[in-house]
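Encoded as structure tokens, the structure appears first; notes follow it.
The values are calculated or read from the model by the stated rules, or taken from the named source; none is laboratory data. Bear in mind that the values here come from a model prediction, so they are computed numbers and not experimental data. Methodologically, a virtual Cβ is constructed for each residue, glycine included, from the backbone with ideal geometry; neighbour enumeration extends over all protein chains shown. All accessible areas refer to the heavy atoms of the entire protein, side chains included, with ligands and DNA or RNA removed. Shrake-Rupley method; radii C 1.70, N 1.55, O 1.52, S 1.80 Å.
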Amino acid sequence: MTSYIFLKIVALLVLPPASLAVGAVLCLLLTLVGWHRLARIALGLAIAQNLVLSFPPVTNALVGILETRAHRIETESPTCCYDAIVALGGAVAPAAPPAIMEPDLTEAADRVWQAARFYHAGVAPRIIVSGGSFNNQQGGPATTEADAMRRFLLDLGVPDGAIVSEGQSLNTIENIRNVRAIVKDGRVLIITSAFHVPRVAELSKRAKLDAAFYATDWWQPEELRVYWENWIPDIGSMAWSGRALRELVALAFDFRGASLEQ
């Protein structure tokens with residue numbers, strides 16, 4: 001098991017909703033060994049974490065830290081000119097024959113749509129789609145995210161010859177490293193979700209990748225939601241809080257990309 005997979009599993013277990021199941025299991029185990037007070041604390045903390053992170057004002061604060069930085073990074077990016085547009089993986093779930101025969105657009109599919117729009121506007125002569133697949137790398141039948149995004153781009157009118165597939169990367173660090181290997185010293189416009197932009201910008205800097213950024217998938221501002229949605233806990237807020245926390249922790253403590261330049 002690689003360190004990336006280990007960290008991914010740990011992140012899933014310590015954040016909602018899996019953390020509630022972990023808390024319940026810990027409560028049961030501690031109760032069985034007679035540590036009743038500690039069992040109640042474990043379960044109480046798990047419940048509290050799930051409630052707090054599903055509270056919209058908490059989500060606003062966590063996501064806001066990242067999106068404020070993303071907005072600043074985006075505004076500092078030049079409007080032209082680029083050797084390539086880069087659409088990072090996460091926008092399309094690859095097909096997995098024979099169970100799932102077609103790729104499936106995710107809520108981050110704006111990344112690919114915007115890449116096609118920029119291409120048609122003449123921003124760059126090619127698009128690099130970057131994203132692999134665990135099943136594909138393990139010998140399974142699934143296509144890669146890059147393959148799935150290529151199909152989407154073809155349907156959006158981008159010529160096949162203008163699309164470069166990078167289907168080996170399994171995480172953001174590998175995305176940036178492999179794109180850097182393709183473009184060398186060329187300038188790229190990277191398109192990814194707003195909450196993801198700060199970390200991608202930091203990794204690009206470490207890799208000496210000449211990159212500008214365009215952010216998509218912004219968290220809906222508080223003023224655009226009906227008032228009760230700003231105060232009632234919901235699963236959507238919980239999911240966004242989890243994403244934000246993972247990004248913030250990675251920004252602060254993940255030094256695996258410290259030596260990206262090759």
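Averaged per residue, the chain has 52 square angstrom of accessible surface, using a 1.4 angstrom probe with ligands and nucleic acids left out.
Just to be sure I understand the model, the point goes 7 Å from the Cα along the line to the Cβ. What's the resulting residue 182 to residue 80 distance in nm? Those two pseudo-labels are separated by 2.3 nm.
In this structure, residue 28 and residue 51 have a Cβ-Cβ separation that, at R0 = 25 Å, corresponds to a calculated FRET efficiency of about 0.75. Approximating the spin labels as points 7 Å out from Cα along Cα→Cβ, the residue 41-to-residue 205 distance works out to 3.9 nm. Considering only 20, 29, 12, the Gaussian network model of the chain with Cα springs below 10 Å gives its largest mean-square fluctuation to 29. Sparsely packed loop sites in the stretch 168-210 (the trypsin sites (Lys or Arg not before Pro) outside DSSP H, G, I, E and B with at most 13 other Cβ atoms within 10 Å) comprise 184, 208.
Calculated from the structure, Rg/Rh (Cα atoms, Kirkwood Rh) equals which of [x] 1.48; [y] 1.02; [z] 0.97? Looking at Rg/Rh (Cα atoms, Kirkwood Rh) for this model, the match is [y]. Solvent-accessible area of the stretch 72-112 (1.4 angstrom probe, protein heavy atoms only): carbon and sulfur portion equals 59 percent. With the convex hull drawn over the C-alpha atoms of the stretch 112-262, the volume per residue is 153 Å³. Of all the stretches in the chain, which is the longest one without any exposed loop site, taking GluC sites (Glu not before Pro) in a DSSP loop (any state but H, G, I, E, B) with at most 13 other Cβ atoms within 10 Å? The longest such stretch corresponds to 108-260. In the stretch 190-233, whose amide N lies under 20 Å from the spot 7 Å out along Cα-to-Cβ of residue 253? List them in ranges. Once the point is set 7 Å along Cα→Cβ of residue 253, 196, 198-200, 202-203 turn out to lie under 20 Å by backbone N, inside the stretch 190-233.
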